[in-house]
Amino acid sequence: MNGLGRNLTEKERSTYCALVKNPTMNDRELSEITGINLSTITAIRRRLESSEYYSKVRIPMVQYIGAELLTIAYGELDNTISRKKRDELCDKYAKEHNNSFLFITSDDFGILMTISKNYTEVKKDVDELQHFLSTNKMLGGKSWQYVMFPFEVSSLINYFDFSYALNLLVCNVPYKVPEIDLKYKKFEPRTLTNKEKAALIGLVENPSLPDNAIAKKVDVSR
């Protein structure tokens with residue numbers, strides 16, 4: 001790491017946990033909830049980010065803009081293939097399939113997550129993934145398993161919330177389990193203008209940039 005190759009101080013731990021728990025808060029708001037001076041919060045945040053303790057990600061709520069299904073594919077991989085070769089193949093596959101947003105592999109196992117507009121699209125993805133794994137001799141002897149979650153009849157619980165895990169590793173403070181609404185929700189489709197589409201793409205692709213820099217990239221006003 002670049003600059004924090006040591007144990008975190010108490011203020012750094014508090015700031016770290018607050019950043020992850022409250023990703024939309026600015027430094028002033030983080031200062032208020034942690035009781036740490038504003039300038040100290042800003043300095044710690046910059047050190048943590050530059051030292052790669054965390055990175056910013058914006059997750060689009062795709063169920064509002066035409067996606068119906070989240071699909072998780074998982075299964076064994078042939079561990080006789082070199083890790084370098086496998087990583088190259090999987091990276092190429094992910095880049096060629098735009099609806100894939102997460103691909104994780106170990107020496108003998110893999111998980112792929114995709115977003116799809118409908119079941120027909122999922123079926124094509126399943127066929128293409130099986131063909132990819134088979135053609136490149138990556139299967140570990142068994143076909144992969146597939147689990148589909150239609151957004152309208154599924155509940156997104158603890159959606160990429162790392163604060164609980166971070167609490168166990170770093171914070172050492174009581175964790176309040178959030179209230180979870182298990183009722184199904186109907187997502188009314190939303191129509192975006194061309195400028196809104198450009199802004200959304202710019203926000204997702206450049207989560208660490210300020211608004212004025214994103215505006216220049218996507219050619220809209222701040």
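Per-residue answers, yes or no, for (1) in contact (Cβ under 8 Å) with a residue 24 or more places away in the chain; (2) out of contact with any Gly (no Cβ under 9 Å at 6 or more places or on another chain); (3) farther than 15 Å from L102 by Cβ:
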site	(1), (2), (3)
S39	no, yes, yes
I44	yes, yes, yes
L48	yes, yes, yes
E52	yes, yes, yes
V57	yes, yes, no
L70	yes, yes, no
Y74	yes, no, no
D78	yes, no, yes
I81	yes, yes, yes
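Among the residues of region 93-121, those identified as among the hydrophobic types (A, V, I, L, M, F, W, C) and under 15 Å from the mean Cα position of the chain (by Cα) are A94, F101, L102, F103, I104, I111, L112, M113, I115.
Any idea how many residues of region 48-78 are acidic (D, E) and assigned by TED's automatic domain parsing to the domain that holds M138? Walk me through how you get there before you give the answer.
Applying the first criterion (acidic (D, E)) to region 48-78 yields 49, 52, 68, 76, 78.
Then keep just the ones that are assigned by TED's automatic domain parsing to the domain that holds M138; that gives 68, 76, 78.
Within region 48-78, residues that are acidic (D, E) and assigned by TED's automatic domain parsing to the domain that holds M138 number 3.
If you take the residues in region 145-173 that are out of contact with any helix residue (DSSP H, G or I) (no Cβ under 7 Å at 6 or more places or on another chain) and over 30 Å from L19 (Cα atoms), which one is surrounded by the most Cβ atoms within 10 Å (Cβ to Cβ)? Can you show your working first?
Residues of region 145-173 that are out of contact with any helix residue (DSSP H, G or I) (no Cβ under 7 Å at 6 or more places or on another chain), as a first pass: 145, 147, 149-150, 152-161, 164-165, 168-169, 172.
Narrowing the set further to residues that are over 30 Å from L19 (Cα atoms) leaves 145, 147, 150, 152-153.
Working: Q145: 10, V147: 9, P150: 14, E152: 11, V153: 9.
Only one residue tops the list, namely P150.
R222 passes every criterion in (1) within 18 Å of V62 (Cα to Cα); (2) in a loop (DSSP other than H, G, I, E, B); (3) touching a helix residue (DSSP H, G or I) at 6+ places or on another chain (Cβ under 7 Å); (4) not β-branched (V, I, T) apart from (1).
Can you pull out the helices (runs of 4 or more DSSP H) entirely within region 19-107 that have at least 2 residues that are of a type in the set (G, A, S) and either loosely packed, with under 15 Cβ neighbours inside 10 Å or touching a strand residue (DSSP E or B) at 6+ places or on another chain (Cβ under 6 Å) (or both)? So that I can check it myself, show each step before the final result.
Numbers: elements: 27-34, 38-50, 83-96.
Per the criteria, 38-50.
Checking each residue in region 108-139 for being surrounded by 14 or more Cβ atoms within 10 Å (Cβ to Cβ) and either more than 27 Å from I65 (Cα to Cα) or among the aromatic types (F, W, Y) (or both) picks out G110, Q130, F132, L133, N136, M138, L139.
The values are calculated or read from the model by the stated rules, or taken from the named source; none is laboratory data. All values reported here derive from a predicted model rather than from experimental measurement. Every residue, glycine as well, gets a Cβ built from its backbone with ideal geometry; the counts of neighbours run over all protein chains shown.
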